[in-house]
Amino acid sequence: MIPFVDLKAQYDSIKDQIDTSIKRVIDNTSFIGGKEVELFEEEFAAFLGVKHCITCGNGTDALEILLKALDIGYGDEVIVPAISWISTSEAVSSVGAKAVFVDVNEYKYTIDEDKIEESITRFTKAIIPVHLYGQMCEMDTILKIAKKYKLKIIEDCAQAHGAEYKGMKAGTFGNGAAYSFFPGKNLGAYGDAGAMICNDADLADKCRMLSRHGQLDQKHVHFIEGRNSRMDTIQAAILRVKLPYLNQWTVSRQHVAIWYDDYLDNSKVIIPTIRENSTHVFHLYVIRVQNRSEVQKALDESKISYAVHYPTPLPFLTCYKNRGHVADDFPVSSKVKDEILSLPIYPELKRAEVKKISKLINEV
Ligand SMILES: *Cc1c(COP(=O)(O)O)cnc(C)c1O
């Protein structure tokens, strides 16, 4: 049996440190805020090379709060890719704006930068590039378009911890960026957790206020009405233990990807394409096959886990039915949705296991 991700293997490798830090938080009975949260914000900002990091409850909140902080709301349109986790478009709707879907690149699966401009209207206020599967979008082009049309950029980095484009980390290109630390992400907490990052001090204050009931440093001084979205102290303590390992875990994921690349038969399987000048952190290793259901059946029989990210492109989800989109509106997404398959990938996955999975797929 090969799992899709193995969080236990990772925990076992750092068990003493994790247990000690959780115990420290409990001993201090400081469960919300405090030093651990402050230090994680500093350490994560330093890791990315940004000025501000504001932790929050989860990645979806991070997107929503950033949109709000950038004054995006009713009547506005925000461009999002047709393939992502629902949080991306959901956050846009949550602030009262309209998510406008754009098709993705046929081999890199991130938003097709060449199709963004035709989707811009006088209501467009922002673009949310999603650095999907662990690879960043074509940021140069997206930045150019944003500048030309005076649009804000909010990067969705939930799958791209440590990913780089031209030597700079995901999240450092836009006005702000959202990170998720959902347990299965490349840097995962032991529950829900998220963060917003940016370089603008005013925007950082606004995000902090929105996520802390409108307060800044002083209790009972509420500058605006916000909400309650905080990272638990225990999660911050866990993430502080894990952050120093992130680079080595990323390298291990990249090795797994190289093994798959080598073992999979390129004439039958479309393997991931890595954008030039960028580093892929392989949150997911997504292949494409023509006979997916047969491959799935063979994997099932051999007790090898897999997943599909995502079986339904966002515009075709039931909740967006009223948009009336048809397959031809998003030809690439409509085609690849039936071919994509995410194979097991995690830092502890062994070469022999990758070989076994690849061999099985080649045979089908
Ligand atoms: C996981 C994820 C999110 C949301 O993160 P949560 O912490 O689960 O709210 C947003 N966008 C993408 C692309 C994701 O993969």
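Looking across PHE44, PHE40, one residue alone is modelled with pLDDT of 95 or more and in contact with a Cys (Cβ under 6 Å, 6 or more places away or on another chain). It is PHE44. For the condition farther than 28 Å from LEU210 by Cβ and either assigned to a helix (DSSP H, G or I) or in contact with a Leu (Cβ under 9 Å, 6 or more places away or on another chain) (or both), LYS23 qualifies. THR29 falls short on exactly one of the conditions (1) open to solvent by 80 Å² or more (accessible area, probe 1.4 Å); (2) at negative phi, and that condition is (2).
Residues in the stretch 176-201 that are within 13 Å of LEU66 (Cβ to Cβ) and of a type in the set (Asp, Glu): how many? So the answer is 1. Pairs are defined by a Cβ separation below 7 Å, a sequence spacing of at least 6 or placement on different chains, a first member in the stretch 125-145 that is at pLDDT below 95, and a second member that is within 16 Å of the ligand (Cβ to nearest atom); no pair meets this definition. For ASP205, state whether it is more than 29 Å from ASN277 (Cα to Cα), among the acidic types (Asp, Glu) and not in a loop (DSSP other than H, G, I, E, B). Yes, satisfied. All of (1) open to solvent by 10 Å² or more (accessible area, probe 1.4 Å); (2) within 12 Å of the ligand (Cβ to nearest atom) hold for GLU118 with one exception: (2).
The number of residues in the stretch 156-187 being open to solvent by 20 Å² or more (accessible area, probe 1.4 Å), within 10 Å of the ligand (Cβ to nearest atom) and among the aromatic types (Phe, Trp, Tyr) comes to 1. Beta carbons closer than 7 Å, at least 6 apart along the sequence or on distinct chains, never pair a first residue in the stretch 19-37 that is without any contact (Cβ under 8 Å) to a residue 60 or more places away in the chain with a second that is open to solvent by 90 Å² or more (accessible area, probe 1.4 Å). Exactly one residue out of TYR149, TYR190 is open to solvent by 50 Å² or more (accessible area, probe 1.4 Å), over 22 Å from ALA257 (Cβ atoms) and away from the ligand (no atom under 16 Å from the Cβ): that is TYR149. Residue by residue through the stretch 84-111, note down the ones that are touching a Cys at 6+ places or on another chain (Cβ under 9 Å), farther than 15 Å from VAL336 by Cα and free of Cβ contacts under 8 Å to residues at least 60 places away in the same chain. Residues satisfying the conditions are GLU90, SER93. Could you check, for the stretch 242-255, whether at least one of its residues is open to solvent by 50 Å² or more (accessible area, probe 1.4 Å), outside any loop (DSSP other than H, G, I, E, B) and among the aromatic types (Phe, Trp, Tyr)? Yes, the stretch 242-255 contains a residue that is open to solvent by 50 Å² or more (accessible area, probe 1.4 Å), outside any loop (DSSP other than H, G, I, E, B) and among the aromatic types (Phe, Trp, Tyr).
Would you check if GLU41 is in contact with a strand residue (DSSP E or B) (Cβ under 8 Å, 6 or more places away or on another chain), farther than 12 Å from ASP156 by Cβ and more than 12 Å from the ligand (Cβ to nearest atom)? In short, yes. Considering the stretch 249-283 alone, what residues qualify as being touching a residue at least 40 places away in the same chain (Cβ under 8 Å) and farther than 26 Å from LYS359 by Cα? Result: ARG275, ASN277, SER278, THR279.
Scan the stretch 122-144 for residues that are assigned to a loop (DSSP other than H, G, I, E, B) and open to solvent by 10 Å² or more (accessible area, probe 1.4 Å) and the total you get is 3.
The values are calculated or read from the model by the stated rules, or taken from the named source; none is laboratory data. All figures in this text were calculated on a predicted structure; none of them were measured in a lab. We place every Cβ from the backbone using ideal geometry, glycine too, and count neighbours over all the protein chains shown. Ligands, DNA and RNA are excluded from the accessible area calculation, which covers all protein heavy atoms including side chains. Shrake-Rupley method; radii C 1.70, N 1.55, O 1.52, S 1.80 Å.
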